[in-house]
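Asks: Can you read through this structure? Questions will come right after.
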Amino acid sequence: MKVLFEDSGFPLLDYELLLEEIDYKNLLKPSVMPFTELPSEEYLLKIMKVVERLQERFVSLVVVGMGGSSRGAKALHQAVGKENSRLFFLDNIDPDLLSKVLKQIDWDKTAFAFISKSGKTLETVSLMNVILEELVRRELPVAERVVFVGDRGNPFNKLADELGAPFLEIPKEIGGRFSVFTAVGLLPAYFAGYNVTRFLEGAYKLLETPLSAFYLAASKYLHYKSGRDISIVMPYSTYMNEFTEWYAQLWAESLGKDGQGQTPLKAIGTSSQHSILQLFVDGPDDKFYQLFFVNSRTSDVKLPDEAKVLPYIGGKTLGEVMRAEFEGTLYALRQKNRPVVRFELSRLSEYQMGYLFMAYMVAVVVMAKLMGVNPYGQPAVEIGKRYARELLEEGRDGGLSQ
Ligand code: PA5
């Protein structure tokens, strides 16, 4: 993967000086970034064993988990799997979504992964209760078709033991949105048949040569400090939409603290060129742009040599048209001196996704160091969670319903 900084305003020397200030060479270690300790053989074997057992009987897996407990796997699945229908995700408590998924699945051939680090997340626990009850109602043996993932000793661990179902542990130090390289991401990945070895190799590659992640953080920080507090992520691929969701969570929850933060804004090329690009190019200069292009597509489509209406597209592939539009966006941004980082992915593969996930996790911790905030935890989210719990406990409605 190529990472190219088209970074108006700041020379590389500024990045280096800034990074020296936080002693960046000493940051890439498990005590600062626990997620850089990639899984051991033994840990991988445990996951594989559980997956093999599930695969003997089931063709689909419903992953039930919120935020960091599902977004990474969902992004990998969309990018690499495209139309692979082995995984479903329940990551919202929306009753319509639940009803739709539960109607759609073949209950005899479907297993369920309940993923929650805390084992107490309201949405995950609610959905799990509905599903467990439905399994009993359908007289389907529960223990053989469910697996729980979470912190050792959490309520999911206890429930798994009670039910005699498998439990996979998330290493204690690794938080939700940083957990894609644990059972949280790897269980669904193995189940769907993705190449987990290549996925991890992508992450290793970043760790071996991490400079682009450090520069990414330095660049984003310098622009943040000069008033660019919106951070755009715009892949030119429909299949990276879930990646933008994963990124938005990582950037928002890790940095949005103590009155600081850089607001993530998601867009998709080329679709968003017909909606928000005008604002990007000619609106306020308060944004940092991250653009992604996938060079080789699984399938490309050639236009007829004699194209109707627009003769200049004749004989071109859709990939070439997309590339031209991507270059057009870059050109327009350059004309306005907007700061851009461009990622050129050879293709959408496990390796490239592993690299990207690791690059952004490293970058967000470095950025947090520069900003002086703690990248881990999301204390403000607790305020609303506590209130919702109180409402449910007291049987009140909060006074908002009419
Ligand atoms: O990044 C995080 O820590 C959060 O987004 C969590 O992943 C999310 O709240 C779900 O928590 P849990 O895994 O405890 O159910």
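Asks: Looking for something closer than 24 Å to Tyr376 by Cβ, out of contact with any Pro (no Cβ under 7 Å at 6 or more places or on another chain), within 16 Å of the ligand (Cβ to nearest atom) and of a type in the set (Lys, Arg) - is there at least one such residue anywhere in the stretch 104-117?
Replies: Yes, that holds for at least one residue.
Asks: I need every pair where a residue in the stretch 259-271 that is under 28 Å from Pro379 (Cα atoms) has its Cβ under 6 Å from the Cβ of a residue that is small (Gly, Ala, Ser), sequence separation at least 6 or different chains.
Replies: These pairs meet every condition: Gln262/Ser231; Pro264/Ser231; Pro264/Ala248; Pro264/Ala252; Lys266/Ala248.
Asks: Now for a separate question. Does Tyr204 count as among the hydroxyl-bearing types (Ser, Thr, Tyr) and either assigned to a loop (DSSP other than H, G, I, E, B) or under 28 Å from Lys46 (Cβ atoms) (or both)?
Replies: Here the answer is yes, as Tyr204 does meet what is asked.
Asks: Take the residues in the stretch 364-386 that are closer than 12 Å to Tyr221 by Cα and away from the ligand (no atom under 14 Å from the Cβ); name whichever of them is surrounded by the most Cβ atoms within 10 Å (Cβ to Cβ). Talk me through it step by step, then tell me what you get.
Replies: Let us first name the residues in the stretch 364-386 that are closer than 12 Å to Tyr221 by Cα, namely 364-372.
Within this subset, residues satisfying the condition of being away from the ligand (no atom under 14 Å from the Cβ) are 366-367, 369-372.
Working: Val366: 28, Met367: 25, Lys369: 20, Leu370: 21, Met371: 21, Gly372: 10.
It comes out as Val366.
Asks: Got a sec? Which of Ala267, Ala217 is in contact with a helix residue (DSSP H, G or I) (Cβ under 9 Å, 6 or more places away or on another chain), closer than 14 Å to Val364 by Cα, away from the ligand (no atom under 15 Å from the Cβ) and not assigned by TED's automatic domain parsing to the domain that holds Gly81?
Replies: Ala217
Asks: Give me a count of the residues in the stretch 346-402 that are at pLDDT below 95 and not in a loop (DSSP other than H, G, I, E, B).
Replies: Selection size over the stretch 346-402: 16.
Asks: Any chance the stretch 171-178 includes a residue that's outside the structural domain of Ile22 (by TED's automatic domain parsing), in contact (Cβ under 8 Å) with a residue 24 or more places away in the chain, under 23 Å from Gln290 (Cα atoms) and within 16 Å of the ligand (Cβ to nearest atom)?
Replies: Yes, the stretch 171-178 contains at least one residue that is outside the structural domain of Ile22 (by TED's automatic domain parsing), in contact (Cβ under 8 Å) with a residue 24 or more places away in the chain, under 23 Å from Gln290 (Cα atoms) and within 16 Å of the ligand (Cβ to nearest atom).
Asks: Quick test of your reading of the structure: Lys100 fulfils all but one of (1) over 30 Å from Tyr236 (Cα atoms); (2) at pLDDT below 95. Name the failing condition by number.
Replies: Lys100 satisfies all of (1) over 30 Å from Tyr236 (Cα atoms); (2) at pLDDT below 95 except (1).
The values are calculated or read from the model by the stated rules, or taken from the named source; none is laboratory data. Quantities reported herein were computed from a predicted structural model and do not represent experimental measurements. Every residue, glycine among them, receives a Cβ derived from its backbone with ideal geometry; neighbour counts consider all protein chains shown.
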